[in-house]
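Inspection log for the structure reproduced underneath, given as structure tokens.
The values are calculated or read from the model by the stated rules, or taken from the named source; none is laboratory data. Every value quoted in this text rests on a predicted model; they were computed, and no experiment measured them. Note that each Cβ is placed from the backbone with ideal geometry, even for glycine, and that neighbours are counted across all protein chains shown.
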Amino acid sequence: MRFYGQHGLTKAEQAVGAWFSVDAEMALDLAPAAVSDELTATVDYGRVVHRIVDIGTHNRVNLLERLAGLIAEALLREFPVSQVRVRVRKLTPPLEGLVGTPGVELTRRR
């Protein structure tokens, strides 16, 4: 998913903001959903997306590591998953001379 946020250490990053991309992988037993075909037997990915975007647009942090940590903590706390892997990338960093896309990845387990 993508959202616009104002995360970063510099005044430029905080004032101008940037587009961020988040990938979230969640581990859980999918057998009940595979049998029942019921949303209540799995994770509602729409809710996951809304929660990630909410965190990314309503909290301002300095580090991508912190943003990824906040997202991972929320997913583990609010959804029936045993593990999450979160990748956060800053797609349009307003940093002079930066070439590439800075990003972090972390994995958290219950």
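Points worth noting:
- Of all positions in the range 8-19, none carries a residue that is surrounded by 13 or more Cβ atoms within 10 Å (Cβ to Cβ), assigned to a helix (DSSP H, G or I) and without any contact (Cβ under 8 Å) to a residue 24 or more places away in the chain.
- A count restricted to the range 69-105 and to residues that are in contact (Cβ under 8 Å) with a residue 60 or more places away in the chain and charged (D, E, K, R) stands at 4.
- Criterion: of a type outside the set (Gly, Ala, Ser), at negative phi, without any contact (Cβ under 8 Å) to a residue 40 or more places away in the chain and surrounded by fewer than 16 Cβ atoms within 10 Å (Cβ to Cβ) - qualifying residue of Arg108, Arg66, Arg51: Arg66
- Looking across the range 53-101 at every residue that is at pLDDT below 95 and touching a His at 6+ places or on another chain (Cβ under 9 Å), the one that is farthest from Gly17 (Cα to Cα) is identified as Asn59.
- Note on the range 33-76: residues that are under 14 Å from Val88 (Cβ atoms) and polar (S, T, N, Q) total 3.
- The single condition among (1) at pLDDT below 95; (2) closer than 18 Å to Phe79 by Cα that Glu25 does not meet is (1).
- Checked against (1) part of a helix (DSSP H, G or I); (2) crowded, with 17+ Cβ neighbours inside 10 Å; (3) of a type outside the set (Asp, Glu), Val43 passes all but a single condition, namely (1).
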